[in-house]
Structures are given as C-alpha cells and as structure tokens.
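Chemist: Questions regarding the structure given below will be posed in turn.
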Amino acid sequence: MATIFLIRHGESEANVKEVLSDSLEGYPLTEKGKDEIRRISLQLKGIKFDKIISSPVLRARESADIISKVTGIRIEVDERLRESSMGVYNNKHYFELPEGGREAKGLESWDSISTRMVDFSRNQGGTIIAVSHQITIRVLLAHFLQLGELESYGLDISKGTLSVIDSASGKVSAIGSMRLSERLKSRMGGD
Amino acid sequence: MKYAIFIRHGESESNVLTILASRNESYHLTNKGISQVKRTASQLHDLDIKSMYTSPVTRARDTGDIIAKELNLKPEVREEIRETDFGKSEGKLFPGKISELTDEERGDMGIESWSSHVNRMRSFFSGLRENSVIVSHGFLIKAFVSDLLQLNSDESYGLTIRFASITIVTIPDGKLLTIGSVVLSKELKEILGNKSGKHTGDF
C-alpha cells in the first residue's frame, strides 16, 4: 500500500502531430513538454520518494528522466503503466477515430486498463512517483472515486500534471493539479 | 436514495465573447449551447425528478427552459446558485478560467472567493429534500464537487465541468455518482431509477 504521485508525461511529438500512439519509441517530448515536467518536478523536490516508476513508452521515460535529474530519485519501468493499446488506430491521427465507445473502436477497454492500474497500485509501498498517461491516470482515479468511464468524464488529466492517491485508504488527494498544494507539501514533509 | 442533478448551462454569448457576466445582462445561449442542452435534457427524460431550480442569470434560465420542457416541470429561480460575483470585474473581458486563478488573484480582481462559492452551494444543497435538477454555473459546481471530495483549489485543478454537463450527488450524503458527464450510463440510470418508480432490474 502506497501514496502514489501520478504524473502525466509532458507534451510529445505525438500530441503535436495529433497522433494516437502506444508504441514504445517514436514520439519524444517537445521542448514545451520538457518544461512542463521540469516545472512539476521542482514542486516535488524535498519530498522523500522511494522511487520513480515509469511507463515504458518514450514520452513517459523521458519525463521520468527529467524528474529523476531534478529530484535525485532512481527510476524503474513497469509495463502496467503503459499507454492504452490503440489497436488498428496506433500511429493514426485523432480525426481517424470513429464515433463509439473504446471497445467498438478496438482500443484497450476501460476494464483492461483498470485491472492493470489497480494491480500496479496494490503492489507498491512507501511513497512513489508513477509516470504514466492520460487515460491510465484517469482510470485509476475513477476506480478510487467509484466512478466508471462515463461518470469520470469530468476528470481532465493535462500533460505534466499531478494526481495523488493513497492506495490503502483509497483517498484521492489531487486531480490533475498544476501545483502541489501547500497542505499536501506539508503532509509529505516537503521544502 | 434521493439525488441532486447539477447541470452547467450551455455555451452562451458571454462565454464566446469571454465576458464576465453575472448581473444585469442578457447573454443568451448560442445555437451550439442550445444543442448541448437539448442533448443533456434527453439524458434526463426518464428520470423521476420532482423539483427544478435555476440560477437567475440568462444563460442558466435559457438552459432551464429547455430542460423544463423536457421534464414538464417549472423551474424555481434561486439567488444562491447565481454565477460567481465578479464585483468590479463584472462586464470585463477575461479569456481565462476564473477557477484557475488563485484566491489572491480573484481578490485583486474583486471576484468572489473559493470558500464563498463552497458556502453558498453547501447551504443550498442542505435545503434539498427530493430528486432535483439544478441549473447553475461551472465554478460553483466545481467548487461544490471539490469540497465534497475534500480537495482545495490547487488539488482539484483537473476537475472540469463542461457546458451542459451532468454532475449527480446523493442527498443528503453528498456522494458523487457522476462528474461533468455528457452521457448517463445504463448502470447509472438503473441506480437512479425511472419515472414509474421502479428500478429497472429490481424484482
């Protein structure tokens, strides 16, 4: 059971080109994306994290590298944090996605993402940073808020933002934040 | 189980013009806003709603009128759920989001504080006794939801209440059933029950 600081990767070439991608390589962070991650990393300096765990996808690994440089914490990679599988739409443009739900479009289902993310959250201990993706973070937050896919539509996880959950109590302490709140910072013993 | 359905008004002229408008104004819904609200209204069609309330602001009243027609209810106008008090910034251009400012920035602009929004909504919500639809504004609904989740302004940054979106809270517990949604799932509709008073699937 752990306190997990979930960070969505910064802006990447995939976002700029408006391409959906679950590929491990091919879409690095843009300069803006690197700045987004530096900004949030500085907010986390001084907090005693046990480790950074990253999705294997390039834009997440690069984000984790920046966080590691700023905070001095070591990185591990975990498959369970990877981007949603995009099926036949992998490396295709957003506008090519048809209407309809995830499964109808051949994207990885909500339940599939939820299973691996919840499994990940149950396996951790201490206080960790997890670098992942928009849908994966939203799915995990929704799980702890007891909301489904349609019910969690109002949870926006922008690039470079922070969401915090305590996997033991199920408490959600931040949703897509740009700033680490003062009281969270105090609670975590930050500068 | 009783519930309160908070609907944000649809897109309006003041949103498109990025004008802060809460008093002495008549910015109506745009055509897009009307479509948004009609879609939301159809989601509520089969639900067993007893009361309707709306903010006095034009875009909320326009929204309320469309939903009222669908539900065959007459909306009661309530001051407590009026848009943010913009103070000296009323009528000014502001292309950003009020909810994303700090309380200090809001104070400098003469705009109502986060906690004031929370207090108004808590007070209004505590008076609800039956299944209700409440047409109000983005920042108000967001502040209320954040408070229910025990999150402050920084912590709830990613919480987004879109035009004509649906946020449902149980009465009196304040449990969130859906946040800023545009479509109600089949499962949720079963939990909410329908007009005949039956919960579908319940025997």
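Each row is one residue, and each column tells you yes or no for (1) in contact with a strand residue (DSSP E or B) (Cβ under 6 Å, 6 or more places away or on another chain); (2) aliphatic (A, V, I, L, M); (3) at pLDDT below 95.
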position: B:Gly87; (1), (2), (3): no, no, no
position: B:Phe94; (1), (2), (3): no, no, no
position: B:Ser99; (1), (2), (3): no, no, yes
position: B:Glu105; (1), (2), (3): no, no, no
position: B:Ser115; (1), (2), (3): no, no, no
position: B:Met121; (1), (2), (3): no, yes, no
position: B:Ile134; (1), (2), (3): yes, yes, no
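Chemist: Quick check, is A:Leu97 over 16 Å from the mean Cα position of the chain (by Cα) and either of a type in the set (Phe, Trp, Tyr) or away from every other protein chain (no Cβ under 14 Å) (or both)?
Modeler: So A:Leu97 passes the test.
Chemist: Conditions first: (1) without any contact (Cβ under 8 Å) to a residue 40 or more places away in the chain; (2) more than 17 Å from the chain's Cα centre (by Cα). B:Pro172 passes all but one, so which condition is the exception?
Modeler: The single condition B:Pro172 does not satisfy is (1).
Chemist: Pairs needed: first member in the stretch A:132-145, aliphatic (A, V, I, L, M); second member anywhere, at pLDDT below 95 and crowded, with 24+ Cβ neighbours inside 10 Å; C-beta distance under 8 Å; at least 6 residues apart or different chains.
Modeler: From the stretch A:132-145, the pairs are A:Ile135/A:Glu83.
Chemist: To continue, here is another question. A:Asp65 fails exactly one of the following numbered conditions: (1) free of Cβ contacts under 8 Å to residues at least 12 places away in the same chain; (2) part of a loop (DSSP other than H, G, I, E, B). What is the number of that condition?
Modeler: (2)
Chemist: Right, next: For the stretch B:1-27, name all the residues that are surrounded by fewer than 17 Cβ atoms within 10 Å (Cβ to Cβ) and not hydroxyl-bearing (Ser, Thr, Tyr).
Modeler: Selection gives B:Met1, B:Lys2, B:Val16, B:Leu17, B:Arg23, B:Asn24.
Chemist: Test A:Ser68 against the stated conditions and say whether it is of a type outside the set (Phe, Trp, Tyr), surrounded by 14 or more Cβ atoms within 10 Å (Cβ to Cβ), out of contact with any His (no Cβ under 6 Å at 6 or more places or on another chain) and within 20 Å of A:Gly125 (Cβ to Cβ).
Modeler: yes
Chemist: Additional query: Among the candidates B:Glu70, B:Glu80, single out the residue that is within 22 Å of B:Ile191 (Cβ to Cβ), assigned to a helix (DSSP H, G or I), touching a residue at least 12 places away in the same chain (Cβ under 8 Å) and of a type in the set (Asp, Glu).
Modeler: Matching residue, one of B:Glu70, B:Glu80: B:Glu70.
Chemist: Of the conditions (1) farther than 25 Å from B:Lys186 by Cα; (2) modelled with pLDDT of 95 or more; (3) not polar (S, T, N, Q), A:Glu96 satisfies every one except a single condition; which number is it?
Modeler: The number of the failed condition is (2).
Chemist: Go through (1) over 25 Å from A:Ser23 (Cβ atoms); (2) touching a residue at least 60 places away in the same chain (Cβ under 8 Å); (3) within 12 Å of chain B (Cβ to nearest Cβ) and name the single condition A:Gly125 misses.
Modeler: That leaves (3) as the condition not met.
The values are calculated or read from the model by the stated rules, or taken from the named source; none is laboratory data. Remember, it's a predicted structure, so these values are computed and weren't measured experimentally. We place every Cβ from the backbone using ideal geometry, glycine too, and count neighbours over all the protein chains shown.
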